[in-house]
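Colleague: This structure is in structure tokens; I'll ask about it shortly.
The values are calculated or read from the model by the stated rules, or taken from the named source; none is laboratory data. Keep in mind it's a predicted model, so treat the numbers as computed, not measured. Glycine gets a Cβ as well: all are built from the backbone with ideal geometry, and neighbour counts include every protein chain shown.
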Amino acid sequence: MVKNKNIIKISTPIIDSNEISAVTEVLKSGILSQGSKVKEFEKKFSNFCKTKFAIATSSGTTALHTSLHSIGIKRDDEVITTSFTFVATSNSIIMQGAKPIFADIEEDTFNIDPVSIESKITDKTIAILPVDLYGQICNFKKIKEIANKYGLLILEDACQAIGAESNGKKAGTFGDMGVFSFYATKNITTGEGGMIITNNPLYAKKTQRFINHGQKNKYEYVDFGYNYRMTEIQAAIGIEQLNKIKKITNKRIENAEYLTNKLKDIEGIQAPKILKGSTHVFHQYTIKVANFKITRDELFHYLRKRGIYCGIYYPKPLNLYKFYKKFGYKKGDFPVAEKISKQVLSLPIHPLVSKKDLDYIIKTIKEI
Ligand SMILES: *Cc1c(COP(=O)(O)O)cnc(C)c1O
């Protein structure tokens, strides 16, 4: 077994004295909720994404649930999403009483396949919920064409893609609303937390009410709602994290490029594909292991034993989980996602992974 200090973790939050003093300041102020920090974070976030509105929430999941409500998703509506994502994406559809309709993915980007989306449309379909998986924006040119053709709304799950760009436009701005997560492993974090962005004033108003018990003003309950608010402490951390985002993203990209250069000639290992005009922010650096000397699972254990904590995102597409059987899914429904889930392996590239660590990862794979 390797000693703890030699482990290269798959993710580490980048926290320094700025976050610590920002939190201390909030604690000393005595205002822990619904104060100026959340408003400041929202303002800075909407400036960053260049959208009219940004509304902070308690998590990415509550942000997804809220935005589905805000665009008008109701019981028995159908929302098309990818089968190859974290379960929060599809659970949020169920939270709104609607039905998650899965689509298959593209082999090279792992993102939702527009052709598969179109094949799943029925007269109950209201929206498409694509995920910018691992930090690369989906093919929104095609997705928007489909949405326009059938009159569907788009909600972008950009939880893994903060700061990513496609032709100069930021992740989260490609649909009617966009959603982010600040969970501890995400590129920037508030521990738990989320954000919703939109340019639509009606959606923004509905969002503000839904996360605050349907209140228009204090004790003026105009609608149903939840308490999905972000705290002042989270927002204070978020402001400092947003100040660092350029540095964090650049370091991730630099580490990813370094790995790709060294891995690209190894037979059976495929480095992540970056689309033209796209800035991939590498929430995960995910290789495909196919026809390599050993299987993906063997490589996972081999690296882990040597202190390289890689990850498998995700071991199965959602349609293969027992819970989703009741929605009528079975094995073989999404052949690409099912195949890819057996090939993907994410390697550590977060900003605290050093050149030495990267060389060690490369050497360890090459010696096989
Ligand atoms: C992290 C994540 C979420 C959920 O965010 P939480 O903040 O953990 O609730 C949703 N969708 C995707 C794709 C994610 O990666």
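Colleague: Considering each residue of the range 1-39, count those that are aliphatic (A, V, I, L, M) and in a helix (DSSP H, G or I), and give that number.
Modeller: Looking only at that region, the number is 6.
Colleague: Can you tell me which residue within the range 40-77, out of those that are more than 21 Å from Gly225 (Cα to Cα), outside any loop (DSSP other than H, G, I, E, B) and in contact with a helix residue (DSSP H, G or I) (Cβ under 9 Å, 6 or more places away or on another chain), is farthest from the ligand (Cβ to nearest atom)?
Modeller: Within the range 40-77, the match that is farthest from the ligand (Cβ to nearest atom) is Glu40.
Colleague: Exactly one of these conditions fails for Phe327: (1) under 25 Å from the mean Cα position of the chain (by Cα); (2) at pLDDT 95 or above; (3) part of a loop (DSSP other than H, G, I, E, B). Give me its number.
Modeller: Phe327 satisfies all of (1) under 25 Å from the mean Cα position of the chain (by Cα); (2) at pLDDT 95 or above; (3) part of a loop (DSSP other than H, G, I, E, B) except (2).
Colleague: Right, another one. Quick one: in the range 150-161, which of the residues that are within 16 Å of the ligand (Cβ to nearest atom) and either assigned to a strand (DSSP E or B) or charged (D, E, K, R) (or both) is nearest to Gln284 (Cα to Cα)?
Modeller: Let us first name the residues in the range 150-161 that are within 16 Å of the ligand (Cβ to nearest atom), namely 154-161.
Still in the running and either assigned to a strand (DSSP E or B) or charged (D, E, K, R) (or both): 154-157.
Working: Ile154: 24, Leu155: 22, Glu156: 18, Asp157: 15 Å.
In this case the residue turns out to be Asp157.
Colleague: Please determine, by comparing only the residues of the range 278-304 that are closer than 19 Å to Val353 by Cβ and not in a helix (DSSP H, G or I), which one is farthest from the ligand (Cβ to nearest atom).
Modeller: The selected residue is Ile287.
Colleague: Another one. State which residue is surrounded by the fewest Cβ atoms within 10 Å (Cβ to Cβ) when the search covers only the range 108-129 and only residues that are touching a helix residue (DSSP H, G or I) at 6+ places or on another chain (Cβ under 6 Å) and not hydrophobic (A, V, I, L, M, F, W, C).
Modeller: Glu118
Colleague: Just one of (1) under 24 Å from Tyr314 (Cβ atoms); (2) surrounded by 22 or more Cβ atoms within 10 Å (Cβ to Cβ) trips up Tyr203, so point out which.
Modeller: Among (1) under 24 Å from Tyr314 (Cβ atoms); (2) surrounded by 22 or more Cβ atoms within 10 Å (Cβ to Cβ), Tyr203 violates only (1).
Colleague: Further, regarding this structure: Provide a single number: the residues in the range 120-149 that are assigned to a loop (DSSP other than H, G, I, E, B) and within 15 Å of the ligand (Cβ to nearest atom).
Modeller: Keep residues of the range 120-149 that are assigned to a loop (DSSP other than H, G, I, E, B), which gives 120-124, 130, 132, 136-139.
Right, trim to within 15 Å of the ligand (Cβ to nearest atom) and you get 130, 132, 136-138.
Residues that pass the stated criteria total 5.
Colleague: Quick check on the range 244-259: of everything there that is surrounded by 15 or more Cβ atoms within 10 Å (Cβ to Cβ) and of a type outside the set (D, E, K, R), which residue is farthest from Lys355 (Cα to Cα)?
Modeller: The qualifying residue farthest from Lys355 (Cα to Cα) is Ile245.
Colleague: Scanning for something touching a residue at least 60 places away in the same chain (Cβ under 8 Å), over 22 Å from the mean Cα position of the chain (by Cα) and surrounded by 22 or more Cβ atoms within 10 Å (Cβ to Cβ), does the range 300-314 turn up at least one residue?
Modeller: Scanning the range 300-314 turns up at least one residue that is touching a residue at least 60 places away in the same chain (Cβ under 8 Å), over 22 Å from the mean Cα position of the chain (by Cα) and surrounded by 22 or more Cβ atoms within 10 Å (Cβ to Cβ).
Colleague: Do we have Lys273 as surrounded by fewer than 20 Cβ atoms within 10 Å (Cβ to Cβ) and closer than 25 Å to Ser116 by Cβ here?
Modeller: Criteria met by Lys273.
Colleague: Shifting gears a bit: Between residues in the range 315-338 that are in contact (Cβ under 8 Å) with a residue 24 or more places away in the chain and residues that are of a type in the set (Gly, Ala, Ser) and outside any helix (DSSP H, G or I), which pairs lie under 6 Å by C-beta distance while being six or more apart or on different chains?
Modeller: Lys316/Ser341; Pro317/Ser83; Pro317/Ser341; Leu318/Ser83; Asn319/Ser83; Phe334/Ser83; Ala337/Ser83
Colleague: Another one. Evaluate the following for Thr57: is it of a type outside the set (A, V, I, L, M), in contact with a Phe, Trp or Tyr (Cβ under 6 Å, 6 or more places away or on another chain) and surrounded by 15 or more Cβ atoms within 10 Å (Cβ to Cβ)? So that I can check it myself, show each step before the final result.
Modeller: On the way: of a type outside the set (A, V, I, L, M): yes; in contact with a Phe, Trp or Tyr (Cβ under 6 Å, 6 or more places away or on another chain): yes; surrounded by 15 or more Cβ atoms within 10 Å (Cβ to Cβ): yes.
Yes, satisfied.
Colleague: Residues that are within 14 Å of the ligand (Cβ to nearest atom): find the helices (runs of 4 or more DSSP H) completely inside the range 162-277 holding 1 or more of those. Don't jump to the end; show me each part of the working.
Modeller: Numbers: elements: 201-210, 232-243, 245-263.
Per the criteria, 232-243.
Colleague: Of everything in the range 95-119, what is part of a loop (DSSP other than H, G, I, E, B) and of a type in the set (Val, Ile, Thr)? Give them in sequence order.
Modeller: Thr109
Colleague: Does Ser92 meet the test of being crowded, with 24+ Cβ neighbours inside 10 Å and in a helix (DSSP H, G or I)? Spell out how you get there, then give the answer.
Modeller: Working: crowded, with 24+ Cβ neighbours inside 10 Å: yes; in a helix (DSSP H, G or I): yes.
Taking the combined requirement at face value, the residue satisfies it.
Colleague: Something else about it: Go through the range 148-167 and give me each residue that's surrounded by fewer than 21 Cβ atoms within 10 Å (Cβ to Cβ) and either without any contact (Cβ under 8 Å) to a residue 24 or more places away in the chain or in contact with a Leu (Cβ under 8 Å, 6 or more places away or on another chain) (or both).
Modeller: Selection gives Asn148, Lys149, Gly151.
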